Each structure stands twice: as C-alpha cells, then as structure tokens.
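The values are calculated or read from the model by the stated rules, or taken from the named source; none is laboratory data. As the structure is a computational prediction, the values presented were derived from the model and not from experiment. Don't worry about glycine lacking a Cβ; one is built from the backbone with ideal geometry, like all the others, and counts go over all protein chains shown.
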Amino acid sequence: MNHSARSGLLFAAITALLWGFLAIAMKVAAQHVPVFTIVWFRFSFAFAALAVWFLLRHPGHLQILVKPPGLAVFAALALTANYLGYLAGLDYTTPTNAQILIQTAPLMLALVGIVVFKERLVGAQWIGVIAALVGFSLFAYDQRQGQVVAASDWLTGNGLIFGAAVAWMLYAVGAKVLGHRGVPPQKLNLFLYALPAATLWVWADFGVLAGLSWRMWLLMAFLGANTLVAYGCLGEAFKRIPAYQVSLIITLNPLITLAAMAGLGTLQLDWVPDDRVGGLGYGAALLVVGGVMQVLRKAETRENATSQDADPFAQQDPLEGSGESTS
C-alpha cells in the first residue's frame, strides 16, 4: 500500500471517528442550546475557518460565494434541512437510535442512483438492502422494549431523523452532479457552509451563547470543528482512495457511537445521555451496518465492473456513505 492510499484510509477513519462522537456531543449541547443556534454556529464556524484558508491560499475559490451554481443552492438548502432535522430528531430520541436510523440515507442514495444515474445493484447488494431493512426493524423493536424515551417522542424523533436522511440524499445527489461538473469538493463546501450561516442567524439565540460556560464553549467549538474537519478529511480521502472504500469506512460510525455510549455508560457521568441498547439491538445494529456496507461495497464481478465503468459519477462523488450522523 502506497503513502497516498494509507493517508486516504487515515482521512476516512478520522471522518468516521468524528461522526461517531458527533451525535453524543450534539445531544449534550441540545440540552443547553437551541437547535437553530447550534446549527448556525456549526456552519458559521466551518465557513469562517474555510474562508480564511481560501483567502490565504486560493482566493479565486471565493468567487463561488458571488456566483454559485443553482444546484449548489439546492444542495446547501438540503444540507441545512439535514442538519436541522437530525439535531431536532436527536433532541427527542437517543444518539444510538439516531445514528442507526440515519443509515437510511445511503440506502436511499443507492436506490435513487438506479433512477437518476442509471446505476445497477447486483444481487448481493439487494441482499444488503433487505438485511439493513430487517436490522432497522429489529433495532426499532429493541428501542421500544428499552423505553428510554416516551413512545410519542420516539416517533417524533424518528420522523425528523428520517426527514433528515431524505434531505441528505437530495444534497448528495446535487453534490454528486456538481462533482461531475468539476466543482472541487472544498470549494463547494465553502458555499454549503456560507448559505446557512448567512440565513440561520435570524433564529440564532445570541443571548444563550453569551451565557455559556467555558465547558459549553469547548463543546460548541468541537461541534464547529467537527463540521470543518470531518468534511475536509472526507474530501481528502476521496482524492486518494476509491469512493467505495471511503464509504465502507465511514459507514462504521454508528458502531463507534454504540461503543462510546457503552463505555460512557459505565462511568455513570451525570451529563451522559440516557441510551439503552439490548443484545438484540447490538445485533440489529451490526445487521444494519453490514447491510449498508454490502450495498456500498464494490462488487468484484464483471457485471458490476461494467456498471461502474458506465457510471461517469462513480469515482467522483465527494459524499457517499452515511449522512450526518451526519449531520
């Protein structure tokens, strides 16, 4: 394995790790800061840092802020909806539940790819779809048995998170087309951060921000840096290794969340969100992740190789894999 491939795997692993802890950090932050304020801060933090970088290194990239492609506006609005929906849903449910349910996003992207991008799924990938759907059902059953949150909150949270997954799928389709048209991922990210940063400030509660403790400011800084670093590493990973390898690695982030919550639960810290997963739930989570990975994997068959060759977007998608877990 050459240096470029090793660094690509490292960048993908960093993204998975950051997204694995993101849901936990956002759940804690949402107990003290309103949803719109958190989302505005994350986008503003990421935009400010990336804009300074481009101003110093690639000032020409700032032009996208003046004349953005219409599809970039669509993608930015969809990503904003993803962030808001995911965090709002997370406020009603648990980190692990949110992380598992958001895995519907790459499944929907794969299915939409059949219609929009004329892609094909081989038989083994369809088995992955079925396995993931069974896993979603079993995990939902385990969560209701655990009764961590009220049934009405659980349903509301799941509805919002599923809506966030749909929004991410729409965003990914837009970003995929823009990538094919030659728009660099980091340049696109600049606009994706700028639009919500410029619009959501109307709903941001600056009074709450002014009254935060230094510990909460550290948490908010982590959320902002997570947006910047995770998506930055994701773009760098796609430059170095095939898209399917990146997708497989970042799909592991729900398992990172499960492990982190299990570890934090043993410490009995008062700030750790209540999140119970039974034996069935852990098995279902593995089934979901395994199914999604099966869908995303590069099938080593002539049929799938032909399909990949026919797909002009196959190796240029800057955002395949799970949504913000994404968000």
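Structure summary
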{"read-out": "Selection count where residues are at pLDDT below 80 and assigned to a helix (DSSP H, G or I), scope the stretch 124-148", "value": "1"}
{"read-out": "Qualifying positions in the stretch 9-60 - closer than 14 Å to Q186 by Cα and outside any helix (DSSP H, G or I)", "value": "H58"}
{"read-out": "Checking R120 against (1) closer than 28 Å to L286 by Cβ; (2) assigned to a helix (DSSP H, G or I); (3) of a type outside the set (F, W, Y), the condition it does not meet", "value": "(2)"}
{"read-out": "Cβ-Cβ under 6 Å pairs, at least 6 apart or on other chains, the stretch 258-284 side farther than 14 Å from T94 by Cα, far side assigned to a helix (DSSP H, G or I) and modelled with pLDDT under 85", "value": "none"}
{"read-out": "Failed item in (1) part of a helix (DSSP H, G or I); (2) modelled with pLDDT under 90, with P312 passing the rest", "value": "(1)"}
{"read-out": "Residues satisfying the stated conditions in the stretch 72-105, i.e. of a type in the set (A, V, I, L, M) and either over 12 Å from the mean Cα position of the chain (by Cα) or surrounded by fewer than 24 Cβ atoms within 10 Å (Cβ to Cβ) (or both)", "value": "A72, V73, A75, A76, L77, A78, A81, L84, A88, L90"}
{"read-out": "Residues of the stretch 238-260 classified as assigned to a helix (DSSP H, G or I) and either in contact with a strand residue (DSSP E or B) (Cβ under 7 Å, 6 or more places away or on another chain) or modelled with pLDDT under 80 (or both), total", "value": "8"}
{"read-out": "The stretch 4-15 residues that are farther than 16 Å from I256 by Cα, paired with ones that are not in a helix (DSSP H, G or I) (beta carbon under 6 Å, 6 or more apart)", "value": "A5/I241; G8/I241"}
{"read-out": "The stretch 287-309, residues that are in contact with a helix residue (DSSP H, G or I) (Cβ under 9 Å, 6 or more places away or on another chain), hydrophobic (A, V, I, L, M, F, W, C) and at pLDDT below 50", "value": "A299"}
{"read-out": "Of all residues in the stretch 263-286 being touching a helix residue (DSSP H, G or I) at 6+ places or on another chain (Cβ under 9 Å) and closer than 25 Å to F11 by Cα, the one that is surrounded by the fewest Cβ atoms within 10 Å (Cβ to Cβ)", "value": "L286"}
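Residues checked against (1) of a type in the set (A, V, I, L, M); (2) in a helix (DSSP H, G or I); (3) under 22 Å from the mean Cα position of the chain (by Cα):
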{"site": "W201", "(1), (2), (3)": "no, yes, no"}
{"site": "L212", "(1), (2), (3)": "yes, no, no"}
{"site": "L219", "(1), (2), (3)": "yes, yes, yes"}
{"site": "A225", "(1), (2), (3)": "yes, yes, yes"}
{"site": "C233", "(1), (2), (3)": "no, yes, yes"}
{"site": "E236", "(1), (2), (3)": "no, yes, yes"}
